[in-house]
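Written below as structure tokens is the structure these notes are about.
The values are calculated or read from the model by the stated rules, or taken from the named source; none is laboratory data. Quick caveat: nothing in here was measured; it's all calculated off a predicted structure. All Cβ positions, even for glycine, are placed from backbone atoms using ideal geometry, and neighbour counts span all protein chains on display.
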Amino acid sequence: MVTLKARGLQLYGKNPNNLKIHRMTRITRDSKCWNALPRSEEGHIGAYHCKVNTLSEIIKEFNPTIAAQTGLNAGHSAVLFLEFSNTILYSFDIGRWGSTAKAHEVLNKFFPKRHFYIKGDSAVTLKDFDTKVDFAFVDGGHTEDACYADIVNFDKIVKVGGIMIIDDLAIPGVGAAVQKFNWANYEELPISKYKHGYINGIKIFKKLKD
């Protein structure tokens with residue numbers, strides 16, 4: 001990986017003539033943990049600086065004590081949780097990529113005893129999880145069935161007053177899952193209030209009652 005940090009850019013790829021450029025935010029540029037993460041084997045939040053800044057603002061505002069997410073991948077969203085709050089974070093991931101286990105090792109080094117990786121299909125592992133959380137981040141499987149299962153299983157453990165964020169709404173399966181779920185016990189919070197304005201891919205729901 002080649003970096004051009006002085007210009008706020010990060011370049012990915014082995015072939016210098018075919019590099020993918022990601023604009024780096026101040027958050028990712030200054031984070032020692034972020035820069036120690038393994039290279040992602042699929043897309044990750046770091047490709048979208050606006051989303052990185054927006055999610056960071058949300059985490060800082062809600063300041064969770066116990067959080068959980070589906071989709072660890074190479075650990076980029078996990079860094080935001082762990083750097084911008086004092087939360088304990090549980091990450092559920094099927095473990096398809098070798099980078100995921102390596103990411104957990106890095107996170108455990110920088111944030112000892114604060115990150116827990118639960119490997120396996122979240123439709124099973126999250127269903128059996130009974131720890132209450134005050135922040136849930138849905139960014140695992142993007143088919144309708146996988147995303148809907150994550151929403152249903154998170155609904156069981158999100159505390160009243162806690163929030164659930166759904167990412168990647170533009171993906172048809174995710175959008176369909178959000179439409180399918182009954183949000184009667186939740187209030188949708190405006191994403192537009194956050195100064196970075198990433199309003200197309202995220203929804204935030206606050207739980208009002210069980």
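Put simply, of ALA136, ALA123 the only residue that is of a type outside the set (D, E, K, R) and within 13 Å of the chain's Cα centre (by Cα) is ALA136. For region 122-146, give me each residue that is without any contact (Cβ under 8 Å) to a residue 40 or more places away in the chain and touching a Phe, Trp or Tyr at 6+ places or on another chain (Cβ under 9 Å). Selection gives THR125 alone. Return yes when TYR148 is closer than 23 Å to ALA103 by Cβ, at pLDDT 95 or above and hydroxyl-bearing (Ser, Thr, Tyr) and no when it is not. So TYR148 fails the test. Looking across region 131-177, the residues that are hydroxyl-bearing (Ser, Thr, Tyr) and either in a loop (DSSP other than H, G, I, E, B) or surrounded by fewer than 16 Cβ atoms within 10 Å (Cβ to Cβ) (or both) come down to THR131, THR143. Selection of region 178-207 for residues being loosely packed, with under 12 Cβ neighbours inside 10 Å, at pLDDT 95 or above and outside any strand (DSSP E or B) yields GLN179, ASN182, ALA184.
Among the listed residues GLY75, GLY71, GLY43, identify the single one that is of a type outside the set (Lys, Arg) and at pLDDT below 90. Unique residue meeting the criteria: GLY43. Taking region 97-118 as the range and being part of a loop (DSSP other than H, G, I, E, B) and either polar (S, T, N, Q) or more than 17 Å from ILE45 (Cβ to Cβ) (or both) as the test, the residues that pass are PHE111, PRO112, LYS113, ARG114.
Per the listing THR28, THR65, the residue uniquely modelled with pLDDT of 90 or more and under 20 Å from PHE84 (Cβ atoms) is THR65.
Tell me yes or no: at least one residue of region 120-129 is surrounded by fewer than 20 Cβ atoms within 10 Å (Cβ to Cβ), part of a helix (DSSP H, G or I) and not β-branched (Val, Ile, Thr). Looking for residues that are surrounded by fewer than 20 Cβ atoms within 10 Å (Cβ to Cβ), part of a helix (DSSP H, G or I) and not β-branched (Val, Ile, Thr), one finds at least one in region 120-129, hence yes.
Do we find a residue being in contact (Cβ under 8 Å) with a residue 24 or more places away in the chain, surrounded by 20 or more Cβ atoms within 10 Å (Cβ to Cβ), of a type in the set (D, E, K, R) and over 17 Å from SER31 (Cβ atoms) anywhere in region 87-96? Within region 87-96, one or more residues are in contact (Cβ under 8 Å) with a residue 24 or more places away in the chain, surrounded by 20 or more Cβ atoms within 10 Å (Cβ to Cβ), of a type in the set (D, E, K, R) and over 17 Å from SER31 (Cβ atoms). The condition (being surrounded by 16 or more Cβ atoms within 10 Å (Cβ to Cβ), farther than 23 Å from GLU105 by Cβ, out of contact with any Pro (no Cβ under 8 Å at 6 or more places or on another chain) and free of Cβ contacts under 8 Å to residues at least 60 places away in the same chain) is satisfied by just one residue among HIS44, HIS49: HIS49. Tell me which residues, restricted to region 65-77, are touching a residue at least 60 places away in the same chain (Cβ under 8 Å) and either crowded, with 23+ Cβ neighbours inside 10 Å or assigned to a helix (DSSP H, G or I) (or both). Across region 65-77, the qualifying residues are ALA67, ALA68, GLN69, THR70, GLY71, SER77.
Filtered by the rule that a residue be part of a helix (DSSP H, G or I), over 20 Å from ALA136 (Cβ atoms) and aliphatic (A, V, I, L, M), region 30-64 gives ALA36, ALA47.
If you go through region 78-90 and keep only what is touching a His at 6+ places or on another chain (Cβ under 7 Å) and outside any helix (DSSP H, G or I), you end up with just LEU89.
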